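Bear in mind these aren't lab numbers, they're just calculated from the coordinates by the rules spelled out. From a predicted model like this one, the values you see are computed outputs, not experimental measurements.
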Amino acid sequence: MFLESNSSSSAEVVGLEHIDSLYSYALVLTRNRTDAEDLVQETYVRALKAMVRLKAESNVKSWLFTILRNIWLNQLRHRRIAPQLVEMDLDGSTDGISVEVSHNPHAIYVGAMECNLVREAIQRLPPAFREVILLREYEELSYQEIATILECPIGTVMSRLARARSKLRILLRAADLRARSKGDR
């Protein structure tokens, strides 16, 4: 359920644990922090209105992602604009980078560089590929959940993901070659 039925406060929301994931997804779709925040807020507003139709066995995360994506698609239709690229890490921090416990400054630097290369490569993917990579690799949704969110067959999800990974490998190899050629100078 979306609201805790046995909770002491009926306003305690289940599904709120997905707000960061929804925001990340909204940021990829909108490429604008304010628009992403508005999109997430509208998602929860609509979810609260529709929660009576949500079955107990429903996947809340997938349901929320579907609502968010449908709102975004409706906004695109209304504005008649195409999706744009997004900066996934606007502040350039190294948050979320795994490094060895040794706190080796070189390892931290290399980890940050690799993370930035991957983010830049993902940003260069076409929107459909970028979206499926985000949902699978970052949000760890199943193929079926992604198919439900994107409203397409599971085979299409698998095909897009394979092509997205292939394009990502090509982009990362090219970035690696450029980096090596700069180092040889």
Checklist entry - Quick one: length gained pulling Met113 to Arg33 fully straight, 0.36 nm per residue minus the C-alpha distance? => result 26.4 nm
Checklist outcome for this item: Residue-ordered couplings for segment 54-59, obtained by feeding phi - 60° into the Karplus form 6.51 cos²θ - 1.76 cosθ + 1.60 and rounding to whole Hz (Gly and Pro as x), are 6, 7, 4, 8, 5, 8
